[in-house]
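Enquirer: Below: one structure in structure tokens.
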Amino acid sequence: MNGLTLGPFLKEKVPFARMSQKVGIAMKIEKWMTKADFLLILLLVGGSLFFLIEPIFRSRGAGQRWLSVQVDGKVVDEIRLLPTEEKQVYSYRTAYGTNTLEIQEGKVFVSEADCPDKLCMRQGKISRVGAMIVCLPNRFVVEIKSERANGNSGQPDVILH
């Protein structure tokens, strides 16, 4: 039988007729992938991309946004988030500790805290509706809310001062 060896790792002789059928970039993927397999992979990739991109589009056009600042589960302040570049600083001193919020260019972060672990400062900047910063030792929670997310006209139900 006329044939050709394909290197030291494949000692089997492959007939020229069979070898010429396997030449090509895809080699027809050895026909192991059917159309149903291809559609399933396409569906999984598309679904994954949807779940990665959907939160970005949901936060756009969410209407008026505001910060809900809570200490020990009670709302202590609500701040409208305006698209200004002006830096705003808010300090909250409670029986549990002190936290300082900074708002700049629509992003919110905790710049100072007297909690022992400082995890609230390491949570970074938040800007999307539903995002939160939590400081457990100080029982301090900051959440971005919007009128669309709550399904109301944009006005909070209650503002406590």
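Enquirer: Looking at segment 80-123, which of its residues are at pLDDT below 90 and hydrophobic (A, V, I, L, M, F, W, C)?
Expert: Once the filter is applied, which keeps residues that are at pLDDT below 90 and hydrophobic (A, V, I, L, M, F, W, C), segment 80-123 yields LEU81, LEU82.
Enquirer: Could you tell me which residue of segment 89-112 is nearest to VAL75 (Cα to Cα), considering only residues that are among the charged types (D, E, K, R) and either in contact (Cβ under 8 Å) with a residue 60 or more places away in the chain or outside any loop (DSSP other than H, G, I, E, B) (or both)? Don't jump to the end; show me each part of the working.
Expert: Applying the first criterion (among the charged types (D, E, K, R)) to segment 89-112 yields 93, 102, 105, 107, 112.
Those left that are additionally either in contact (Cβ under 8 Å) with a residue 60 or more places away in the chain or outside any loop (DSSP other than H, G, I, E, B) (or both): 93, 102, 107, 112.
Numbers: ARG93: 14, GLU102: 18, LYS107: 20, GLU112: 20 Å.
Of everything passing the filter in segment 89-112, ARG93 is nearest to VAL75 (Cα to Cα).
This table checks each residue for (1) within 30 Å of GLY106 (Cα to Cα); (2) open to solvent by 60 Å² or more (accessible area, probe 1.4 Å); (3) at pLDDT below 90; (4) out of contact with any Asp or Glu (no Cβ under 7 Å at 6 or more places or on another chain).
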| site | (1), (2), (3), (4) |
| --- | --- |
| PHE38 | no, yes, yes, yes |
| LEU42 | no, yes, no, yes |
| PRO55 | yes, no, yes, yes |
| VAL71 | yes, no, no, yes |
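Enquirer: I want to confirm something. Restricting to segment 88-117 and keeping residues that are within 15 Å of LEU136 (Cα to Cα), surrounded by fewer than 14 Cβ atoms within 10 Å (Cβ to Cβ) and not β-branched (Val, Ile, Thr), which single residue is farthest from the chain's Cα centre (by Cα)?
Expert: Of everything passing the filter in segment 88-117, ALA95 is farthest from the chain's Cα centre (by Cα).
Enquirer: Another question about this same structure. Find the residue count for segment 113-123, including only residues that are assigned to a loop (DSSP other than H, G, I, E, B) and of a type outside the set (D, E, K, R). It would help to see each step written out before you state the result.
Expert: Our first condition is that a residue be assigned to a loop (DSSP other than H, G, I, E, B); within segment 113-123, this holds for 114-118, 123.
Filter once more, keeping what is of a type outside the set (D, E, K, R): 115-116, 123.
Result for segment 113-123: 3.
Enquirer: Can you pull out the residues in segment 131-147 that are free of Cβ contacts under 8 Å to residues at least 24 places away in the same chain and either in contact with a strand residue (DSSP E or B) (Cβ under 7 Å, 6 or more places away or on another chain) or open to solvent by less than 50 Å² (accessible area, probe 1.4 Å) (or both)?
Expert: We begin by selecting, within segment 131-147, every residue free of Cβ contacts under 8 Å to residues at least 24 places away in the same chain; these are 131-132, 134, 136.
Residues satisfying the conditions are ALA131, MET132, VAL134.
The values are calculated or read from the model by the stated rules, or taken from the named source; none is laboratory data. Source: prediction; values computed, not measured. Ideal geometry is used to build each Cβ from the backbone, glycine not excepted, and the neighbour counts take in all protein chains shown. Please note that ligands, DNA and RNA were not included when accessible areas were found on the heavy atoms of the full protein model with its side chains. Shrake-Rupley method; radii C 1.70, N 1.55, O 1.52, S 1.80 Å.
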